[in-house]
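What follows is calculated from the coordinates using simple rules that are stated; it is not laboratory data. Every value quoted in this text rests on a predicted model; they were computed, and no experiment measured them. Heads up, the Cβs are rebuilt from the backbone with ideal geometry, glycines too, and the neighbour counts pull from every protein chain shown.
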Amino acid sequence: MKLIYVTARLPYGRQEPFLIPEIAELGRRGNEVILVPAWPTGPLVHGDAKRLLPNSVCEPLMSFAVLRAAAFEAFRAPAASARALFRLTHSRSLRILLKNISVYPKGLWLGRFAREIGADHLHVHWAGVSATMAMIAGEVSGIGWSLTAHRWDIAEDNLLGEKARRACFVRVINERGAKILEDLVAIPGWRAWVLHMGVQLPASRTARFPRDPPLRVLTPANFVAVKGHSSLIAAVDLLARRGVAVRLELAGDGPLEPAIRSEVSRLGLEHHVQFLGRVSHERLLKQLSDGAWHVVVLSSVVTPIGEQEGTPVALMEAMASGIPVVATETGGIPELLRDGAGLMVPPGDPPALAEALGSLVGRPAFRSELGAEGRKRIDEHFAVETVAQALEERFRHVVFGG
């Protein structure tokens with residue numbers, strides 16, 4: 001099949017590296033996958049993205065080529081173009097309406113591009129304006145399209161009802177997201193399709209760990225509010241005060257990094273906390289496989305504006321390597337860590353987090369057992385090969401029927 005994958009910025013930007021295994025696996029299965037980012041700006045997300053460049057069409061959101069193609073498409077299919085524009089007027093706020101109108105020309109361009117290359121299907125990640133662009137393209141080209149919704153894009157509720165009616169199917173990455181989406185769409189009998197994001201399983205299936213002590217802890221997360229770094233620093237402080245040998249390594253960057261550094265300094269934790277900065281994806285996976293850490297932890301919280309985790313790929317990749325994980329009961333994490341696949345604590349509860357981390361100290365057998373349960377969970381439900389096969393079968397069904 002010839003598939004167009006619409007993203008927000010991938011292969012550029014920093015927010016979508018978790019899409020790469022799925023796209024790569026669809027390609028390995030013999031499909032031609034053409035990547036079309038809505039906003040092709042920013043640096044390459046990481047080295048794996050370089051392999052996507054030959055099959056990427058990175059036209060700016062607004063350019064002479066986009067405007068010319070949009071004009072041609074509007075002239076060729078005036079009724080369909082007008083219908084697509086009219087549907088945007090149903091946006092629930094002026095802000096969302098303006099965002100949707102901003103992608104209207106590129107939506108027409110995408111429809112023309114899809115027709116010209118003979119695309120079989122369009123699939124878009126994110127239910128926001130990226131999906132608006134695909135909806136416009138589908139309207140004017142007559143080519144079927146589908147979407148994957150994640151988390152904030154569901155809460156934004158950008159024409160979700162329209163998109164649910166027009167898309168061949170709507171996929172969500174966890175059961176919690178499906179329930180929220182179905183309540184927002186409110187179409188009797190309509191259901192979202194739950195299919196997790198997948199990760200590449202490492203070649204080695206034997207987990208390795210550093211020697212004790214100290215307990216080596218990794219948090220691979222950018223310094224943003226939803227990641228809850230303050231709770232984790234407070235938990236490490238509690239462990240240090242109890243005399244527990246612990247070393248926390250923080251991989252990532254972001255706007256809250258200065259505040260977290262100040263908190264580490266205020267508590268005198270410089271010997272217990274190390275800031276690694278941005279770590280390449282390749283290096284991170286290798287270190288996980290090489291057993292650089294005893295445990296990976298995410299202390300995620302629900303922010304005051306309601307933002308929370310989806311299903312964190314950082315945890316999935318650690319689990320695939322057999323590394324035990326500790327995380328908070330927020331967003332899609334309980335679904336990922338069910339059946340003893342990891343340790344969970346309430347969000348914003350440093351004592352509970354310290355207790356969970358402390359339970360791993362000096363207990364290599366327990367760590368190995370927990371890591372094995374996590375790896376089993378990934379093998380059975382989150383392996384990218386399984387996910388891509390299910391997605392490909394769904395594409396074939398909507399394209400060829402049967």
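Quick notes
- Think of each Lys and Arg Cβ as +1 and each Asp and Glu Cβ as -1; about the Cα centre, that makes the dipole of the stretch 215-381 roughly 480 debye.
- Efficiency of FRET between Arg241 and Arg28 - r from beta-carbon atoms, R0 45 angstrom, step 0.05: 0.35
- Stretching the chain fully between Ser93 and Arg191 yields a gain of 32.8 nm (0.36 nm per residue, less the alpha carbon separation).
- Selected from Leu336, Leu94, Leu285 as most flexible by GNM, with the chain as the system and alpha-carbon contacts under 10 Å: Leu94
- Toward the positive end of the charge dipole of the chain, with +1 on the Cβ of Lys and Arg and -1 on the Cβ of Asp and Glu, the farthest Cα among Ala240, His281, Gly371 is that of His281.
- Computed over neighbours whose Cβ is under 9 Å from that of Pro324, the net charge equals -1, Lys and Arg +1, Asp and Glu -1.
- Karplus-based coupling profile of the stretch 243-250, in residue order and whole Hz: x, 7, 7, 9, 9, 9, 10, 10, with θ = phi - 60° in 6.51 cos²θ - 1.76 cosθ + 1.60 and x standing for Gly or Pro.
- Available extension along the chain between Gln389 and Ser262 is 41.0 nm, counting 0.36 nm per residue and deducting the alpha carbon span.
- Cα-based shape type of the stretch 215-381, given that a ≥ b ≥ c are square roots of the gyration tensor eigenvalues and the cut on a/c is 1.5: rounded
- Highest-first arrangement of 76-87, 288-299, 321-332, 342-353, where packing means the average Cβ count within 10 Å: 321-332, 288-299, 342-353, 76-87
- [x] 62, 47, 43; [y] 81, 60, 41; [z] 73, 41, 41, with the label sought being that of the calculated Cα extents along the principal axes in Å: [z]
- The order of Asp253, Asp237, going from fewest to most other C-beta atoms within 10 Å of their C-beta, is Asp253, Asp237.
- Placing a pseudo-label 7 Å from each Cα along the Cα-to-Cβ vector at Ser63 and Ala155 gives an inter-label distance of 3.4 nm.
- Springs between Cα atoms under 10 Å define the GNM used for the chain, and in it the highest mean-square fluctuation of Gly13, Gly374, Gly30 occurs at Gly30.
- Mean-position separation - Cα centroids, the stretch 191-218 and the stretch 316-379, in angstrom: 10 Å
- Efficiency of FRET from Cβ geometry, Ala79 and Ser280, R₀ 45 Å, rounded to 0.05: 0.35
- Per-residue [θ]222 nm for the chain (sum of -39500 (n - 2.57) over DSSP H runs n ≥ 4, rounded to 500): -13500 deg cm²/dmol
- Relative protection proxy for 185-191, 174-180, from highest mean packing down: 174-180, 185-191 (other beta-carbon atoms within 10 angstrom).
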